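What follows is a set of notes on a single structure, which appears directly below.
The values are calculated or read from the model by the stated rules, or taken from the named source; none is laboratory data. No experiment lies behind these values; they were computed from the predicted model shown. For neighbour counting, all protein chains shown are included, and Cβ atoms are generated from backbone atoms with ideal geometry for every residue, glycine included. Calculation scope for accessible area: heavy atoms of the full protein, side chains included, ligands and nucleic acids excluded. Shrake-Rupley method; radii C 1.70, N 1.55, O 1.52, S 1.80 Å.
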Amino acid sequence: QQQVKQSPQSLIVQKGGIPIINCAYENTAFDYFPWYQQFPGKGPALLIAIRPDVSEKKEGRFTISFNKSAKQFSLHIMDSQPGDSATYFCAARGADRGSTLGRLYFGRGTQLTVWP
Amino acid sequence: DAGVTQSPTHLIKTRGQQVTLRCSPISGHKSVSWYQQVLGQGPQFIFQYYEKEERGRGNFPDRFSARQFPNYSSELNVNALLLGDSALYLCASSRPPGDQETQYFGPGTRLLVL
């Protein structure tokens, strides 16, 4: 069962556009929601993260919006550039004591292409 | 500062063989987690270790095992390899589980099983 659902699977935008990637979760025992960026042949790199008591977080051109009641969160990339072309993963960190503590549950990923 | 390092970077094995993958965490990090990433999918949790003890295990068969050493480095072992074990194996380190910081990933070991 997919704990974190991510959409869309792929996204193509023009340079300067604002791609939006959405994620939803069911389990309320998550305490931290990071986004990772992954280039081909590389490991995921932490991009930005948010805690459930915050509704929005901005870091440079990247913004996370978080809706706790709807159990949804999204990534917005402002003024997108060709160098942003990569696969983006949302994740949720387990907060239950026991085997799920600290474990990350990932979405399936969104392949973003930014055309020049 | 050095990030998470993994070795080897690439590996080719045949079905039935055994493989050992290695990981060194970021200095000061005491927790190591292993993830399997099949092509086109998000990483799937395999194990988490903290202070040399297993703290969590994902839905993987007993062919998968791991350990953590006193210097906090870790090894992942996979026995009786199957074609379906072909994937990118990622190691992530963090401060103690549940700490404020999240996990930082290494570049991975790409395993191909023929």
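Against the test of being under 13 Å from the mean Cα position of the chain (by Cα), facing chain B (nearest Cβ under 9 Å) and open to solvent by 70 Å² or more (accessible area, probe 1.4 Å), the options A:R93, A:R108 yield a single qualifying residue, A:R108. Inspect all residues belonging to region A:53-63 and state whether any of them is at pLDDT 95 or above and touching a His at 6+ places or on another chain (Cβ under 8 Å). Yes; the residues of region A:53-63 include at least one that is at pLDDT 95 or above and touching a His at 6+ places or on another chain (Cβ under 8 Å). Is it true that some residue in region B:100-112 is open to solvent by less than 20 Å² (accessible area, probe 1.4 Å), within 14 Å of chain A (Cβ to nearest Cβ), at pLDDT 95 or above and on the phi > 0 side of the Ramachandran plot? Yes; the residues of region B:100-112 include at least one that is open to solvent by less than 20 Å² (accessible area, probe 1.4 Å), within 14 Å of chain A (Cβ to nearest Cβ), at pLDDT 95 or above and on the phi > 0 side of the Ramachandran plot. Evaluate region B:38-61: report whether one residue or more is modelled with pLDDT of 95 or more, of a type outside the set (F, W, Y) and farther than 15 Å from B:A87 by Cβ. Within region B:38-61, not a single residue is modelled with pLDDT of 95 or more, of a type outside the set (F, W, Y) and farther than 15 Å from B:A87 by Cβ.
So if I check each of A:S55, A:S65, which one is touching a residue at least 12 places away in the same chain (Cβ under 8 Å) and either more than 11 Å from the chain's Cα centre (by Cα) or more than 26 Å from B:G108 (Cβ to Cβ) (or both)? Within the list A:S55, A:S65, the selection yields A:S55. From the list A:D84, A:D31, the lone residue that is more than 14 Å from every other protein chain (Cβ to nearest Cβ) and closer than 20 Å to B:Y104 by Cα is A:D84. Among the residues making up region A:57-90, those that are open to solvent by less than 40 Å² (accessible area, probe 1.4 Å) and either touching a Phe, Trp or Tyr at 6+ places or on another chain (Cβ under 7 Å) or closer than 22 Å to B:R95 by Cα (or both) are A:I64, A:S65, A:F66, A:F73, A:L75, A:I77, A:A86, A:Y88, A:F89, A:C90.
Would you be able to tell me the number of residues in region A:79-116 that are in a loop (DSSP other than H, G, I, E, B) and either modelled with pLDDT under 95 or within 22 Å of B:I46 (Cβ to Cβ) (or both)? Counting residues in region A:79-116 that are in a loop (DSSP other than H, G, I, E, B) and either modelled with pLDDT under 95 or within 22 Å of B:I46 (Cβ to Cβ) (or both) gives 13.
Filtering region A:96-105 to residues that are more than 22 Å from A:P40 (Cα to Cα) and open to solvent by less than 40 Å² (accessible area, probe 1.4 Å) leaves A:T100, A:L101, A:G102. Under the condition of being farther than 22 Å from A:D79 by Cα and of a type in the set (V, I, T), the residues counted in region A:5-42 number 1. For region A:8-18, check the following and say yes or no: at least one residue is part of a strand (DSSP E or B), within 14 Å of chain B (Cβ to nearest Cβ) and farther than 22 Å from B:G58 by Cα. Yes, region A:8-18 contains a residue that is part of a strand (DSSP E or B), within 14 Å of chain B (Cβ to nearest Cβ) and farther than 22 Å from B:G58 by Cα.
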